[in-house]
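Single-structure report; data block below.
What follows is calculated from the coordinates using simple rules that are stated; it is not laboratory data. This one's a predicted model, so the numbers in the text were calculated from it and none came from an experiment. Reconstructed Cβ throughout: ideal geometry from the backbone, glycine too, with neighbour counts over all protein chains shown.
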Amino acid sequence: MARYTGPVCKLCRREGDKLFLKGERCYTDKCPVVRRNYPPGQHGQGRKKSSEYGVQLRAKQRARRYYGVLEGQFRHYFEIADRQPGVTGENLLRILESRLDNVVYRLGWATSRPEARQLVRHGHYEVNGRRVNIPSYRVKAGDVITINKNSRDSEKFKAIIEASGRPVPQWLDVDKNILQAKVISLPNRDQIDLNVEETLIVELYSK
């Protein structure tokens, strides 16, 4: 499946915000957003006035890049969210949050969403006792997620879990002793701590 393979720090600089795509590096002074807080490219430091469409596009690109989703899949998620009852923008974020790679990152079992995607692809996690290697797999309330037995004792996972200091969101319950987590419920908007204006995304796709 196609995926972005370019320098991810450029994505953060283009959005003018940390997307936390490089793990621990994003929390240090080496983060390019801290050192060069302007868009990449020859004209990155020039001041530009954004149109209404440009503001909406940036909101969509920021959300898409937060979760590492390509355009076609993001549009598909929007169409699903639009058909569901409730607020379309909140439905969209809830769908994105329920992706297995994002849940793994939220649990602190990966240092970034790109790393979580890779670890899921390599089959290191189980959902309800079954190995799942599809990053876009959507978890449901009541699902139990674990690190499989062959992986949990590896030095890689020990280092990831020991280094993780990020708080686990309220909609997830994790037992760090047995490395098992349960999805209590899918998140509400106030439980999603991302700098995303979902109403602008809805306006963009509604044109």
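Structural remarks
- SER164 vs. criteria polar (S, T, N, Q), out of contact with any Gly (no Cβ under 7 Å at 6 or more places or on another chain) and surrounded by 11 or more Cβ atoms within 10 Å (Cβ to Cβ): no
- Matching residues in the stretch 66-85 - criterion: being closer than 13 Å to LEU204 by Cβ and of a type in the set (Phe, Trp, Tyr): PHE74, PHE78
- Here ASN91 meets the list (1) farther than 17 Å from TRP171 by Cβ; (2) without any contact (Cβ under 8 Å) to a residue 24 or more places away in the chain almost entirely, failing just condition (1).
- Residue count for the stretch 110-130, restricted to those that are without any contact (Cβ under 8 Å) to a residue 40 or more places away in the chain and under 21 Å from the mean Cα position of the chain (by Cα): 11
- Yes/no for SER136 being among the polar types (S, T, N, Q), within 16 Å of the chain's Cα centre (by Cα) and closer than 18 Å to ARG64 by Cα: yes
- When we screen ARG131, ARG138 for residues that are of a type in the set (Lys, Arg) and surrounded by 14 or more Cβ atoms within 10 Å (Cβ to Cβ), the only hit is ARG138.
- Subset of the stretch 70-87 (residues that are touching a residue at least 40 places away in the same chain (Cβ under 8 Å) and crowded, with 19+ Cβ neighbours inside 10 Å): PHE78
- Strands (runs of 3 or more DSSP E) lying entirely in the stretch 138-207 (those with 2 or more residues that are within 27 Å of PHE74 (Cβ to Cβ) and out of contact with any strand residue (DSSP E or B) (no Cβ under 9 Å at 6 or more places or on another chain)): none
- Within the stretch 50-63, the set of residues being under 14 Å from the mean Cα position of the chain (by Cα) and either buried (at least 22 other Cβ atoms within 10 Å of the Cβ) or assigned to a loop (DSSP other than H, G, I, E, B) (or both) comprises LYS60, ARG62, ALA63.
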